[in-house]
Every structure is written in structure tokens, then in C-alpha cells.
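Peer 1: The structure's right below; bear with me while I get my questions together.
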Amino acid sequence: MDRPEQSWPAADAERYRAAGYWRGETFGQVLRERARQYGDKIAIVGGDQRWSYAELDRRADAMARAFLDSGLRPGDRVIVHLPNIPEFFSVIFGLFRAGILPLYALPAHRITEIEHFAVTGGARAYVSAQSHDGFDYRTLATELKARVPGVEQVLIVGDAGADTGFTALADFQARGEASTTVPVEPASSDVAFLQISGGSTGLSKLIPRTHDAYIYTLRDSDRICGMTEDSVFLGALPIAHNFPMSSPGVLGALYVGARVVLSTSPSPEAGFALVERESVTMTSLVPPLLLVWMEAAAKTHFKLDTLSVIQVGGAKLIPEVARRVKPALGVTLQQVFGMAEGLVNYTRLDDPDDIIIHTQGRPISPDDEVLIVDDLGNPVPEGETGHLLTRGPYTIRGYYNNEAANQRSFTEDGYYRTGDIVKRLPGGYLVVQGRANDHINRAGEKISAEEIEDHLLAHPQVFDAAVVSVPDEYLGERSCAFIIPKGDKPRAVAIKQWIRSRGLADFKVPDQVVFVERFSETAAGKISRKELRATLRAQLDGTKDSA
Ligand code: AMP
Ligand code: DBH
């Protein structure tokens, strides 16, 4: 499988360099430079570990050597499936330095998703924690090796287990420390890693991000979000996700010499204790978590007064909730609307309340091109709702190894079709109105209707299935599966269990199951799944027999 690449037309690339966006930096060099500048200053706090910039730098060097000594070559892909622990950083910076590409998976992903990443990404190794949140990732790793022979190596943070053939990360690190291999620094225009898409149609796609383009977003996000070397950023959401990773997130924090504090759980119980102990100044949340945090803040005995900015994104924040943030938490709210493919929008910290409450912000870059078009692709008049298309200095021009998706998702002149329906206000502020295609945004976790339908159709007692989103007071949206049974009607719990047994992330299990004898005349007559889903969604209110 080819080495992942990503390029922009030469004239655009030249413009992005001339504007000072792309500066020829790589992640490996940035860390080296910060270790020189900040030395013993603490970079990462997680569990009972506190790593300085110098220590992270040393660990990354050892990891880079160990990866190369293990037989991996620059350009290879390694699945990084880790929770919020310090080793996340020694692994990814080690890979960056060796020119090997991390492929980030979320802790919630299970064997079906990981197998898909391993196959489509051509991964040669898999790194996970021994266990997290009650799940033993070593069983997943065993299954992965059996299913995908290309995955030659497994590294485990913690106990690798007896007779597994896996390597404990601590041993791997020690090997690297004893090695004299000299890694070759990749080029800044090389792909640094593969991020994953939320999978709006079908399965997740792989997103190749270059050093130059990603580091640009960190630098400007830091400036826009007020991240400085004095900041303390709490990683509460899973840091493998693009939002807490880069907007400006944990990597933005390291880029300016700030401190990263890791929470293995996004709950306020875990987060508040860390905010007090580490004097956290900033964190990022999805809307449902924000609600829980606000409720808990009213009763907590922890001191939260160091917190000055809370960023909220991943799913739409409703104005009624946005309005309560400052009074409830005494912080500035920043709305963030972004995507792993690129474009990120922020409300600015000094924007008027009205903008902060009612919009999802404006783009990072003056060179982010935003087009809002109707169904036929024609630009809509200013202020009207349409499909959001974008291109610019950090939005990808194509997915890795997926020509079919590239045909669908990019225009001929290089715009990425985000699938989001938005309107633009004066000043370039965007208001997200919804999605054009059928994915469910469940508390910021994206679920493809199509992917779940395919799994439902594999059930012996399912004749047909359609999965739709339903508005939910707490989650924003929840998922509902309409099912036409084949023979005996299965029980709703059995359907949910079926999805779990397919080795999928728990958030993909339908929240609600509705059995119907047939799709109604109007629904059944629809030629596309998309129209069928729309009709079913509209019917939902009147439907009984759900669980
Ligand atoms: P992903 O594919 O996981 O990178 O998710 C990106 C998508 O999440 C965007 O295209 C939007 O649909 C959604 N999204 C992210 N942030 C927001 C937000 N602040 N408001 C509404 N939707 C959002
Ligand atoms: O949902 C997202 O993918 C997202 C949200 C906010 C994102 O990727 C980002 C900011 O960078």
C-alpha cells in the first residue's frame, strides 16, 4: 500500500508558505526546540507521572529508535489506541521523529473499527493500553493479529500478558534507550499522521495531515484561544480526537510550552479535582458534558477559579445553554466548530456575548475559503442557509486510499464538501443548522446510519432496517433503529446486544428500537435510503412499540 501523501496545487502551497502559515517545522523539531527552551518545566501530568519537556524529548528519542529497530520503516502506519495517559505522547512523538505515521483510534473503538483501520491504513503495528474503562485491549489485539496478518507487532502500556507475543511499552522504551540508531527527520510537507473521519457515509475514512499544515493550526489556535506558556490545559475528552488534540488542545499546549494535564475520564468528579490540584486554566468539552459540568460546579467543594476558558464543540450548543456558561462557571465560553478534515472555526474570546452565544465562530485563517451553496452547487445569497464547502491552508484535498470517497467529498477545484448545513453572518461567523447526510451526532460522537443498518441487516430476524437521528434533550441527538422483522419479532434488547456483539463502539448501539410491519406507503415508495430515513424520522412521534 502506498505511503500516505497530501499535497496542494503548487501556487496555493507557495501562497501558504509566503503568508507564513507553513514554516517548515516538524513535530520532532518542535519538541526538540521546546525541550531546549523549557527543559525541566513540566509538560505532561497524568496519573502519578509528571514529565518535563526534557523528559518527553528523551522518551520520544528512545521510542523513535525502538520503532525503527523493530523493523518499521518511515512512512509505515501504526494504530495508536490509547486513553489519556502520558505514554500517548512518547509514542506519537517517537513515531513523528521516526517518520512513521500514527493512525489515531478512539478508546471507544472495538475490533470491527480497529480491523477496518488496520486494513484500510495498511497498519503494521498496534499500540494500546492493557485495559481502560473495564475493557481489556489485549483481547482486541489478539483478535486483530488473527484477522489482519499485516499487523506484525503489538505494544501494550502495562502488562503485555503471558504468551501473547506482545511487548510491554516499558521494555520497548528501554530497548530504544540502549540503541544507537539515528532516525531521519521527515520533511515538513510529509504526512505526520492519519486522523479518522466521523464516518458520515459508511465507514470511517483516513485523513492524512501534514506537519506544516497541522502545526499552522496549532500556532494560530493558540493565539486565538489565548493559550500561552503559562496556560494549563486539561485533556478531558479523549485526546485522540481532533478537537482536544489540536483546537488548540494538547498539541497546541505543547507547541507553546504550556502544561497538559490528562484526565482518564471526562466526568466533573475527575476533572474538578485536577483543575484544583493543577490550577487548570482551560479545557474543551462537548455540549452534553458541559451540562454535567455546570450542574456539578454548583455543588462542588473544589476550587475552580483558575479556569478562564471553556471551549465547547463537536456538536451544536444551543443558545439557552451557551447563555448560562459564564454565570454558572465564571469562565469565557468559546464555541468551536471543526472537523478532522481541516477547517476549524472559533468564536473569539473578546467577541460580544451575542456572537459567542449564537454562533459557532469563524475560521482560523484569512485564507480559509468558505462557500455556501444550494443543492445544485450554486452559491446562496449572503445570510441564507446552504451546504458548507471549504478549502484552505490546512483542509485536506483528499482521503487516504479511498478514491470513491474522494470523488464524493471533494469538488473538482479542491473544495471539501463538509456535509454541514450552515448560514454565514456578517464578519464570516457561521451558524450550524444541521447535516446534509444521515449521520447521527450523538454527543459529539458521529454515527453513520448506513454503517449501523448494514450490521442490523446481518441479523437473521431483520428483514429491513433504517437508522435515524432523533432530537434528544441531553445528547443533542440519539439514534433510533426502525426494523421490519423477518419471522419472529426479536426483542429490542437482543437487537442492541447484536450490535455490541459485532465488535462496535458502544456509542453506536441504537438508543431506541422501533419495530414496524412495513415502511409506510410514502416511506417505502422512496427511492433513496436518505428519503426513507427522512420520512421515518417525521413519523417517529406517532409511533408506539419502542424500547
Ligand atoms: P468529525 O467527522 O468527527 O471530525 O466531525 C466533524 C463534524 O462535527 C462537523 O462536520 C460537524 O458536523 C460536527 N461539529 C463539530 N463541531 C460542531 C459544532 N460546534 N456545532 C455543530 N456541529 C459541529
Ligand atoms: O467534531 C470535530 O471533529 C471537531 C470539533 C471541534 C474538530 O475536529 C475540531 C474542533 O478540531
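The values are calculated or read from the model by the stated rules, or taken from the named source; none is laboratory data. Predicted model, so just to flag it, every value in this text is computed and none were measured. Positions of Cβ are generated from backbone atoms using ideal geometry, with glycine treated the same way; all protein chains shown enter the neighbour counts. The accessibility values were calculated without ligands, DNA or RNA, using every heavy atom of the protein model including side chains. Shrake-Rupley method; radii C 1.70, N 1.55, O 1.52, S 1.80 Å.
Peer 1: If a paramagnetic tag sat 7 Å from the Cα of Thr306 along the Cα-Cβ line, which residues of region 233-271 would have the backbone N under 11 Å from that point?
Peer 2: Flagged as within label range: 233-234, 259-261.
Peer 1: Restricting the count to DSSP beta bridges whose residues both fall in region 148-300, what percent are antiparallel, rounded to a multiple of 5?
Peer 2: 40 percent
Peer 1: Non-local amide H neighbours of Leu285 (under 5 Å, H modeled in plane, Pro and chain starts lacking H): which ones?
Peer 2: Counting only residues 5 or more places away or on other chains, the set is Gln311, Val312, Gly313.
Peer 1: Set Lys and Arg Cβ to +1 and Asp and Glu Cβ to -1, take the dipole of region 212-435 about its Cα centre, and tell me which of Phe337, Ile364, Ser267 lies farthest positive.
Peer 2: The residue sitting farthest along the positive end of the dipole is Ser267.
Peer 1: If you don't mind, another one. Determine the share of the chain's accessible area contributed by carbon and sulfur atoms, expressed in whole percent, with a 1.4 angstrom probe. Show your work: numbers first, answer last.
Peer 2: Details: 10780 of 21660 Å².
Carbon and sulfur atoms account for 50 percent of the accessible area of the chain.
Peer 1: How much length is gained on full extension from Arg491 to Glu382, taking 0.36 nm per residue of separation minus their Cα-Cα distance?
Peer 2: 34.3 nm
Peer 1: Continuing with the same structure: Just to be sure I understand the model, the point goes 7 Å from the Cα along the line to the Cβ. What's the resulting Asp506 to Asp367 distance in nm?
Peer 2: With each label point 7 Å from Cα toward Cβ, the separation is 4.4 nm.
Peer 1: Mind ordering 8-14, 346-352 by average Cβ neighbours within 10 Å, highest first?
Peer 2: Sorting 8-14, 346-352 by mean packing, highest first, produces 346-352, 8-14.
Peer 1: I'd like the antiparallel share, as a percent to the nearest 5, of DSSP beta bridges with both residues in region 82-210. Could you put the intermediate results ahead of the total?
Peer 2: Details: 7 of 15 bridges.
Of all bridge pairs located within region 82-210, approximately 45 percent are antiparallel.
Peer 1: If you put +1 on each Lys and Arg Cβ and -1 on each Asp and Glu Cβ, how big is the dipole of region 397-445 around its Cα centre, in Debye rounded to 20?
Peer 2: Using only the charged Cβ atoms, the result is roughly 200 debye.
Peer 1: May I pose another question? Taking 0.36 nm per residue of sequence separation and subtracting the Cα-Cα distance, how much length would be gained by fully extending the chain between Asn402 and Arg529, in nm to one decimal? Walk me through the numbers on the way to the answer.
Peer 2: Numbers: separation 127, 0.36 × 127 = 45.72 nm, distance 2.23 nm.
That works out to 43.5 nm of additional length.
Peer 1: Here's another thing I want to ask about it. Residue farthest toward the positive end of the dipole of the chain, with Cβ of Lys/Arg at +1 and Asp/Glu at -1: which of Ala62, Gly427, Ala170?
Peer 2: Among Ala62, Gly427, Ala170, the one farthest towards the positive end of the dipole of the chain is Ala170.
Peer 1: Counting heavy atoms of the protein chains only and a 1.4 Å probe, report the per residue accessible area for the chain as a whole number of Å².
Peer 2: 40 Å²
Peer 1: Among the lysines, which fall within straight-line cross-link reach of Lys303, defined as a Cα-Cα distance under 29 Å, with same-chain neighbours fewer than 8 residues apart omitted?
Peer 2: Excluding near neighbours in sequence, the set is Lys41, Lys316, Lys326.
Peer 1: Let me know the charge dipole size of the chain about its Cα centre in debye, to the nearest 20, where only the beta-carbon of Lys, Arg (+1) and Asp, Glu (-1) is charged.
Peer 2: Numbers: 59 positive and 71 negative charges, 78 e Å.
Rounded to the nearest 20 debye, it is 380 debye.
Peer 1: Okay, moving on. With runs of 4+ DSSP H residues as the only contributors, calculate the mean residue ellipticity of the chain at 222 nm using -39,500 (n - 2.57) per run, divided by the residue total and rounded to the nearest 500.
Peer 2: Helices in the chain give a 222 nm mean residue ellipticity of -10000 deg cm²/dmol.
Peer 1: If you restrict to DSSP beta bridges whose two residues both lie in the chain, what percentage is antiparallel, to the nearest 5?
Peer 2: 55 percent
Peer 1: Cβ neighbours within 10 Å, averaged per peptide: list 277-288, 125-136, 17-28 in order, most packed at the top.
Peer 2: Details: 277-288: 22.2, 125-136: 19.0, 17-28: 17.1.
For the peptides 277-288, 125-136, 17-28, the packing ranking is 277-288, 125-136, 17-28.
Peer 1: Using the per-residue mean of other Cβ atoms lying within 10 Å as a proxy for protection, in what order, highest first, do the peptides 178-190, 47-59, 394-406, 92-104 fall?
Peer 2: 92-104, 394-406, 47-59, 178-190
Peer 1: For region 212-435, with only Lys/Arg (+1) and Asp/Glu (-1) charged at the beta-carbon, what is the dipole magnitude about the Cα centre, in debye rounded to 20?
Peer 2: 500 debye
Peer 1: Then there is this: For region 454-488, run through the chymotrypsin sites (Phe, Trp or Tyr not before Pro) and keep only the ones in DSSP coil with at most 11 other Cβ atoms within 10 Å of their Cβ. Intermediate values should be presented prior to the final figure.
Peer 2: Numbers: sites: Phe463, Tyr474, Phe482; in loops: Tyr474.
When the chymotrypsin sites (Phe, Trp or Tyr not before Pro) of region 454-488 are filtered for loop state and at most 11 Cβ neighbours within 10 Å, Tyr474 remain.
Peer 1: Let me ask something else about it. Could you name the lysines whose alpha carbon sits less than 23 Å from that of Lys489, not counting residues in the same chain fewer than 8 places away?
Peer 2: Result set, ordered by chain and number: Lys508, Lys544.
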